[in-house]
Amino acid sequence: MKRVITSLLIFSAALICCLMPVSAASTLSESGGKNYSSVSDLSLPYQNADTDDSLRSENAYLKDEAGILSAESCRGLFDDILQTAGRINMNVAVYIGGVHRSDNTTEKFAEECSEYIFGSGGDVNSIFLYLDFEGDSVSYDYIDLFHDAKLYIKNSEAQDMIDDIDEYLPKSGDAVYPNQILRAVSVFLRDIEEEKDDGPDHNSCYYNEEINKYRYVFFGKIIESSIRPYRYLVLFLAASIIPAVIIAVLIGGMVRKKYKYREEQRASAYTSTNRVNYKDVKDILLSTNVTRQKIESSHRGGGGGGSSGGSGGSHGGAGGHR
């Protein structure tokens, strides 16, 4: 009897050891790579781009990680994203997040996801919208601008877009309806089309880290140069001032030859000391009254709901809580 029990225990232990790797693999497979929040795991959602909650083309991308939209709604929304991407000639991605990420992690997540989806070459220009619907913490939505998208959309304008989007989205913790997301993304697509139609901003400039050159706007045209933009401004001013000085000297010489100048006359030449009487006039103040009042500053420190990404490198953008 003891031998039978011992044999059963040995067989059970062996069976458990055999099933443990299978169980672990099954758990990883069922998770689908969605239980990530660190930057090192950013590539996991994109290993299978043909899943039901993600749609992808050469210049458009949509992923519903939160599982809020139906397949039909995702398809219709993806078609809208695809059309906008074609109109503005840039890559456009919308990511509906369903996993908790901190603000900093969300921004880094958007940057790396954008580069993972569309690439990071010097000629890649992308706009990435992250909508946070994790539900258990304060929602943080973010727009990432990559390369030339920064020339058309400033960080402050991206912040305005976030504010426009949040008007149609529920506050953190409230119930979420698909129509709210569809409306918000529609407003986002409209805004980026309007910014592209307005042309590049004349104050925009960034350093393209992939090609090691500066990209900026000069008289409405996008210029690419290996030197800083302000040097071009110095050269432009020098090229404008030098001819102006030469022309001014020539005109002055011509005028001097044509007209004879007299020496400057003093006021004493027009007055006679014998006929002019000077009187001593004094203003005597009987009293002086000076009032001083401190002017209080109207500026007060306070917290805001948004933040802007850096404008010097290849990425920029803005985000906000709701």
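The values are calculated or read from the model by the stated rules, or taken from the named source; none is laboratory data. Quick caveat, the model's predicted, so the values are computed rather than measured. Positions of Cβ are generated from backbone atoms using ideal geometry, with glycine treated the same way; all protein chains shown enter the neighbour counts. These accessible areas exclude ligands, DNA and RNA; they are computed on the full protein's heavy atoms, side chains included. Shrake-Rupley method; radii C 1.70, N 1.55, O 1.52, S 1.80 Å.
Numbers below:
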| quantity | calculated |
| --- | --- |
| Within region 75-106, tally of residues that are surrounded by fewer than 22 Cβ atoms within 10 Å (Cβ to Cβ), under 21 Å from Asp191 (Cβ atoms) and not β-branched (Val, Ile, Thr) | 9 |
| Selection count, region 133-155, where residues are in contact with a strand residue (DSSP E or B) (Cβ under 7 Å, 6 or more places away or on another chain), open to solvent by 10 Å² or more (accessible area, probe 1.4 Å) and closer than 25 Å to His321 by Cα | 5 |
| Enumeration of residues in region 111-132 that are surrounded by fewer than 24 Cβ atoms within 10 Å (Cβ to Cβ) and of a type in the set (A, V, I, L, M) | Ile117, Val124 |
| Of all residues in region 99-128 being in contact with a helix residue (DSSP H, G or I) (Cβ under 8 Å, 6 or more places away or on another chain) and β-branched (Val, Ile, Thr), the one that is nearest to Ser57 (Cα to Cα) | Ile117 |
| Hits in region 188-214 - residues which are of a type in the set (Val, Ile, Thr) and surrounded by fewer than 16 Cβ atoms within 10 Å (Cβ to Cβ) | Ile211 |
| Condition check for Asp64: farther than 21 Å from Arg215 by Cβ and open to solvent by 40 Å² or more (accessible area, probe 1.4 Å) | no |
